[in-house]
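Report on the structure given below.
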Amino acid sequence: MKVYLTRRYRFSASHRLHNGALSSEENAALYGKCNNPYGHGHNYAVEVTVAGPVDPQTGMVLDLGKLDRWVGE
Amino acid sequence: MDRFDHTHLNQDVENFRSRIPTTENLCREIYRLLKVRMEKECPRREVTLARIRMEETYANSFEYTE
């Protein structure tokens, strides 16, 4: 018996899509706007899904506080 | 997530020094990090990591599972 628990998190970060092994022209053609030199940003959403049995004492798959601590790092 | 939050993934994050920080690769890296942590916390594997899904924009999302 297995139950799937999914929890949603958010973080913001910037990045630039660029491959150092390719020329500037190749990078621009491959990545378009995502290759702009100063990067661009995203507000990412992350869904973490864990699986396990329901603990007969707690009725839970996993304590959400524990999951938050592990994910937070 | 703290290690990635409000960073420039190419410049500030050791995990992406030699790998392009596409959301595909970010998804895989988050899975790898969390899997290691969970295996340490749940050595009997009673609870396991099933999937990481990431939304990059309203239009794009990525999932990674093993």
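The values are calculated or read from the model by the stated rules, or taken from the named source; none is laboratory data. Given the structure is predicted, the values throughout are model-derived calculations rather than measurements. We place every Cβ from the backbone using ideal geometry, glycine too, and count neighbours over all the protein chains shown. Only protein heavy atoms, including side chains, enter the accessible area calculation; ligands, DNA and RNA are left aside. Shrake-Rupley method; radii C 1.70, N 1.55, O 1.52, S 1.80 Å.
Tell me, which residue of the range A:29-59 that is in contact (Cβ under 8 Å) with a residue 40 or more places away in the chain and either among the hydrophobic types (A, V, I, L, M, F, W, C) or in a loop (DSSP other than H, G, I, E, B) (or both) is nearest to B:Leu33 (Cα to Cα)?
A:Val48
Open to solvent by 60 Å² or more (accessible area, probe 1.4 Å), more than 8 Å from chain A (Cβ to nearest Cβ), in contact (Cβ under 8 Å) with a residue 12 or more places away in the chain and acidic (Asp, Glu): which single residue out of B:Glu14, B:Glu29, B:Glu63, B:Glu39 fits that description? Spell out how you get there, then give the answer.
Working: B:Glu14 fails: in contact (Cβ under 8 Å) with a residue 12 or more places away in the chain; B:Glu29 fails: open to solvent by 60 Å² or more (accessible area, probe 1.4 Å); B:Glu39 fails: in contact (Cβ under 8 Å) with a residue 12 or more places away in the chain.
That would be B:Glu63, the only listed residue that is open to solvent by 60 Å² or more (accessible area, probe 1.4 Å), more than 8 Å from chain A (Cβ to nearest Cβ), in contact (Cβ under 8 Å) with a residue 12 or more places away in the chain and acidic (Asp, Glu).
A:Met60 - would you say it is modelled with pLDDT under 95, open to solvent by 60 Å² or more (accessible area, probe 1.4 Å) and either touching a strand residue (DSSP E or B) at 6+ places or on another chain (Cβ under 9 Å) or farther than 16 Å from B:Cys42 by Cα (or both)? Don't jump to the end; show me each part of the working.
Numbers: modelled with pLDDT under 95: no; open to solvent by 60 Å² or more (accessible area, probe 1.4 Å): yes; either touching a strand residue (DSSP E or B) at 6+ places or on another chain (Cβ under 9 Å) or farther than 16 Å from B:Cys42 by Cα (or both): yes.
When the stated conditions are applied, A:Met60 does not pass them.
Looking at B:Arg17, B:Arg28, B:Arg51, which is the one that is at pLDDT below 95 and not hydrophobic (A, V, I, L, M, F, W, C)?
Values: B:Arg28 fails: at pLDDT below 95; B:Arg51 fails: at pLDDT below 95.
Checking each option against the conditions leaves just B:Arg17.
Quick check: is even one residue across the range A:29-51 under 14 Å from the mean Cα position of the chain (by Cα), under 19 Å from B:Tyr31 (Cα atoms) and exposed (fewer than 11 other Cβ atoms within 10 Å of the Cβ)?
Checked against the condition, which is being under 14 Å from the mean Cα position of the chain (by Cα), under 19 Å from B:Tyr31 (Cα atoms) and exposed (fewer than 11 other Cβ atoms within 10 Å of the Cβ), the range A:29-51 yields no hits at all.
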